[in-house]
Amino acid sequence: MAGRVRTLSIIDALTEELRGRLFSGELAHDDTLTEAEVARVYEVARPTAKAAIEKLVGEGLLQRSAHKTARVPKLGPDDVRDIYCTRAHLESTALRYLAQRAHVPDSAVTANEAISAMTDNAPLAIVEPDMRFHTSLVEAMGSPRTSRMFGSLVSEVRLCMVQVQGQHLLTTGSIAAEHRQILDAVASGNGELAVSILADHLGRARERLVAAVGGVPGPEAELPEPV
């Protein structure tokens, strides 16, 4: 049976295009997006450009106050810590659930294999499979509400990941190695070990990014990377 083709509206297609530019690092913090510029570049009506921009504002990928030009938000240390701590709570719950069943999602294995095949020469390319790895762990719980909560964070997590990888704060090999450790702990039924590895995994990235955005990093920034 042929697979279904997803039909996008003009607004959705434009939103996806702009989102891709954000996730690729082409649009960096404090860059602006005006309705007039988007309408001109993509040859769409201004209401279409406005709707796409508003969708990205709703996702937290752009911000603007009333009657102001939309701009890419500059994440500060408090933003980074809040985003990472929130995702850590959700992912820890997922790991304990999966470990009780010794269930390793095939999608997580596949995503990490894609990361393992990469090199440090293309740091931004890791963002997509890395997010697939972490998202697959949460979705494997089979809880639509938990998945929705995690999904609401994904866009901001991607922004963090773009900054982490764009500044070469972590090596590709260390990310893949720590992912394997998490999956091995889940497979052995040791949920607390999996959560502990996750805490180091996210904590290292979080605090190195905190330092990169001008904050004072915590001790997790100095955790050695696995090999």
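Bear in mind that the values in this text are calculations on the coordinates, not laboratory data. Nothing here was measured: the structure is a model prediction, and the numbers come from that model. When we count neighbours, we look across all protein chains shown, and the Cβ atoms used for this are built from the backbone with ideal geometry, even at glycine.
Descriptive notes on the structure:
- When the stretch 158-181 is filtered for residues that are within 17 Å of Ser92 (Cβ to Cβ) and either charged (D, E, K, R) or surrounded by fewer than 20 Cβ atoms within 10 Å (Cβ to Cβ) (or both), the ones remaining, listed by number, are Glu178, Gln181.
- Pick from the stretch 34-60, criterion of a type in the set (Asp, Glu) and in a helix (DSSP H, G or I), ranking: surrounded by the fewest Cβ atoms within 10 Å (Cβ to Cβ): Glu37
- Residue in the stretch 116-124 that is out of contact with any Phe, Trp or Tyr (no Cβ under 9 Å at 6 or more places or on another chain), of a type in the set (D, E, K, R), assigned to a helix (DSSP H, G or I) and farther than 17 Å from Leu198 by Cβ present: no
- Exclusive hit being part of a loop (DSSP other than H, G, I, E, B), of a type in the set (Gly, Ala, Ser) and free of Cβ contacts under 8 Å to residues at least 60 places away in the same chain, set Gly151, Gly173, Gly142: Gly142
- Between Ser65, Ser107, the distinction of being in a loop (DSSP other than H, G, I, E, B) and surrounded by fewer than 20 Cβ atoms within 10 Å (Cβ to Cβ) belongs to Ser65 only.
- Looking across the stretch 75-104, the residues that are loosely packed, with under 13 Cβ neighbours inside 10 Å and either part of a loop (DSSP other than H, G, I, E, B) or out of contact with any Gly (no Cβ under 7 Å at 6 or more places or on another chain) (or both) come down to Asp78, Cys85, His89, Arg101, Ala102.
- Filtering the stretch 209-227 to residues that are of a type outside the set (A, V, I, L, M) and under 12 Å from Arg81 (Cβ atoms) leaves Gly215, Pro217, Gly218, Glu220.
- Candidates Ser155, Ser143: the one that is farther than 14 Å from Arg204 by Cβ, of a type outside the set (Asp, Glu) and touching a Gly at 6+ places or on another chain (Cβ under 9 Å) is Ser155.
- Odd one out for Leu27 among (1) farther than 29 Å from Leu137 by Cβ; (2) outside any helix (DSSP H, G or I): (1)
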